[in-house]
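Participant: A single structure is presented below for examination.
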Amino acid sequence: MKGPRRIVAADYDAMSRQAAGLIDATIRESPRLVLALPTGATPVATYAELVALHHRTGTDWSGVTTFNLDEYCGVGPEHPQSYAAYMRRHLFGGVNLAPERCHLPDGLAPDPAEEAKRYEGAVEAAGGIDLAVLGVGVNGHLGFNEPGDTLIAATHVAELSEETWRRNFPQLARSAATDPARRGELRRAYTMGMGTILRARGILLLANGTEKRLALERAFGGKVTTRHPASALQLHRDVTLVLDRAAAGHG
Ligand code: GLP
């Protein structure tokens with residue numbers, strides 16, 4: 001099987017421009033596009049560039065539907081660590097997306113299992129994901145599908161690995177050292193499942209920096225294994241990697 005298409009840009013800014021250019025062009029081609037969207041540090045400049053393109057060229061987001069890959073359990077949209085707040089800050093506030101077409105799991109839903117089911121149903125009702133934009137964890141996670149014995153197909157509540165939790169909340173991890181009660185904070189999150197992600201018609205994976213190099217090597221250069229969830233992308237026929245030179249291993 002043919003491997004993924006790779007676009008290697010000189011640095012983070014160039015990578016972000018490439019990624020934004022591809023997403024922007026896809027929206028222009030398909031104004032009713034259904035996107036899956038990531039958070040984290042990687043896509044920040046891609047979102048900034050998409051907002052700049054919207055202002056500069058008038059790309060119309062009014063028919064686009066978005067589904068975020070994940071959201072923390074127990075936080076509402078006003079919580080500063082929520083992905084809802086992140087998305088408003090980096091993208092939703094800067095383009096003309098219709099609020100009713102921007103979807104994230106509800107971190108405060110009283111019945112998490114029911115909320116996961118509802119979210120999966122909403123993706124299906126929208127006709128599935130056309131383009132899933134993804135980041136990747138240094139341990140190979142996608143969304144919050146962490147390495148383990150199994151992977152789950154549908155949207156579900158996942159426990160963050162110790163590594164991911166420490167990385168995402170370094171301050172919280174420090175205070176938990178003296179206040180063990182805090183170890184339970186922001187430990188669980190809704191995530192699209194691997195099936196939800198793999199059913200997307202196209203996948204655009206963004207990665208920058210040397211710390212992602214090994215994760216990419218294991219994802220595409222080895223066996224498909226639940227111990228490295230991103231390796232499941234080998235099973236998808238339309239994956240594009242947009243990388244900087246450091247992540248691609250070019251010096
Ligand atoms: C986070 C998110 C993922 C994200 C990944 C990489 O924990 N749940 O959706 O893609 O880890 O994050 P970063 O881009 O900050 O390296």
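Participant: For residues that are out of contact with any helix residue (DSSP H, G or I) (no Cβ under 8 Å at 6 or more places or on another chain), farther than 14 Å from Thr191 by Cα and touching a residue at least 60 places away in the same chain (Cβ under 8 Å), tally how many sit in the stretch 109-129.
Facilitator: If we filter the stretch 109-129 for residues that are out of contact with any helix residue (DSSP H, G or I) (no Cβ under 8 Å at 6 or more places or on another chain), which is where we start, we get 110-119, 121-122, 124-128.
The next check asks that each one be farther than 14 Å from Thr191 by Cα; those that pass are 110-111, 124-128.
Then keep just the ones that are touching a residue at least 60 places away in the same chain (Cβ under 8 Å); that gives 126-128.
Number satisfying all stated conditions: 3.
Participant: Against the conditions (1) outside any strand (DSSP E or B); (2) touching a helix residue (DSSP H, G or I) at 6+ places or on another chain (Cβ under 8 Å); (3) over 18 Å from Ala230 (Cβ atoms); (4) open to solvent by less than 50 Å² (accessible area, probe 1.4 Å), where does Asp106 fall short? Just the number, please.
Facilitator: Result: Asp106 passes all but (4).
Participant: Could you please find all residues in the stretch 211-251 being open to solvent by 20 Å² or more (accessible area, probe 1.4 Å) and basic (Lys, Arg)?
Facilitator: Arg213, Arg218, Lys223, Arg227, Arg237, Arg245
Participant: Something else now. Give the residues of the stretch 47-99 that are among the β-branched types (Val, Ile, Thr), out of contact with any Lys or Arg (no Cβ under 8 Å at 6 or more places or on another chain) and over 22 Å from Arg118 (Cα atoms), sorted by residue number.
Facilitator: Taking the stretch 47-99 first, the residues among the β-branched types (Val, Ile, Thr) are 51, 57, 59, 64-66, 75, 95.
Subsequent filtering for residues that are out of contact with any Lys or Arg (no Cβ under 8 Å at 6 or more places or on another chain) retains 51, 57, 75, 95.
Passing the criteria: Val51, Thr57, Val95.
Participant: For the stretch 211-221, state whether one or more residues are modelled with pLDDT of 95 or more, within 16 Å of the ligand (Cβ to nearest atom) and closer than 29 Å to Pro31 by Cβ.
Facilitator: Within the stretch 211-221, none of the residues are modelled with pLDDT of 95 or more, within 16 Å of the ligand (Cβ to nearest atom) and closer than 29 Å to Pro31 by Cβ.
Participant: So which residues in the stretch 111-168 are under 25 Å from Ala248 (Cα atoms), in contact with a His (Cβ under 8 Å, 6 or more places away or on another chain) and part of a helix (DSSP H, G or I)?
Facilitator: Thr164
Participant: Listed residues Ala177, Ala126, Ala181; which is at pLDDT 95 or above, over 13 Å from the mean Cα position of the chain (by Cα) and farther than 16 Å from Gln81 by Cβ?
Facilitator: Details: Ala177 fails: at pLDDT 95 or above; Ala181 fails: at pLDDT 95 or above.
Checking each option against the conditions leaves just Ala126.
Participant: Could we say that Ala232 is within 16 Å of the ligand (Cβ to nearest atom), within 23 Å of Ala10 (Cα to Cα) and either of a type in the set (Gly, Ala, Ser) or under 18 Å from the mean Cα position of the chain (by Cα) (or both) here?
Facilitator: Values: within 16 Å of the ligand (Cβ to nearest atom): yes; within 23 Å of Ala10 (Cα to Cα): no; either of a type in the set (Gly, Ala, Ser) or under 18 Å from the mean Cα position of the chain (by Cα) (or both): yes.
In short, no.
Participant: Can you tell me how many residues in the stretch 25-53 are more than 30 Å from Arg167 (Cα to Cα), open to solvent by 30 Å² or more (accessible area, probe 1.4 Å) and free of Cβ contacts under 8 Å to residues at least 60 places away in the same chain? Full working, then the answer.
Facilitator: As a first pass, look at the stretch 25-53 and keep what is more than 30 Å from Arg167 (Cα to Cα): 25-33, 53.
Going one step further and asking which of them are open to solvent by 30 Å² or more (accessible area, probe 1.4 Å), we end up with 25-26, 28-32.
Right, trim to free of Cβ contacts under 8 Å to residues at least 60 places away in the same chain and you get 25, 28-29, 31-32.
Of the residues in the stretch 25-53, 5 are more than 30 Å from Arg167 (Cα to Cα), open to solvent by 30 Å² or more (accessible area, probe 1.4 Å) and free of Cβ contacts under 8 Å to residues at least 60 places away in the same chain.
Participant: Would it be correct to say that Thr42 is within 16 Å of the ligand (Cβ to nearest atom) and more than 21 Å from Ala154 (Cβ to Cβ)?
Facilitator: On the way: within 16 Å of the ligand (Cβ to nearest atom): yes; more than 21 Å from Ala154 (Cβ to Cβ): yes.
Yes.
A quick yes/no check of all residues on (1) in contact with a Pro (Cβ under 7 Å, 6 or more places away or on another chain); (2) of a type in the set (Ser, Thr, Tyr); (3) surrounded by fewer than 21 Cβ atoms within 10 Å (Cβ to Cβ):
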{"site": "Thr57", "(1), (2), (3)": "no, yes, yes"}
{"site": "Asn68", "(1), (2), (3)": "no, no, no"}
{"site": "Pro80", "(1), (2), (3)": "no, no, yes"}
{"site": "Arg89", "(1), (2), (3)": "no, no, yes"}
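Participant: If you don't mind, there's one more thing I want to ask. Counting only residues that are more than 13 Å from the ligand (Cβ to nearest atom) and of a type in the set (Ser, Thr, Tyr), which one in the stretch 145-195 is most open to solvent (accessible area, probe 1.4 Å)?
Facilitator: Looking at the filtered set, the residue picked out is Thr178.
Participant: Six or more apart or on different chains, Cβ atoms under 7 Å: show the pairs whose first residue is in the stretch 130-149 and at positive phi and whose second is within 9 Å of the ligand (Cβ to nearest atom) and in a strand (DSSP E or B).
Facilitator: Note: pairs meeting the criteria are Gly143/Asp70; Gly143/Thr191.
The values are calculated or read from the model by the stated rules, or taken from the named source; none is laboratory data. In this text, all values refer to a predicted model and were calculated from it rather than measured experimentally. A quick note on method: Cβ atoms are made from the backbone with ideal geometry, for glycine too, and the neighbour counts reach across all protein chains shown. We work out accessible area using only protein heavy atoms, side chains counted, and drop any ligands, DNA or RNA first. Shrake-Rupley method; radii C 1.70, N 1.55, O 1.52, S 1.80 Å.
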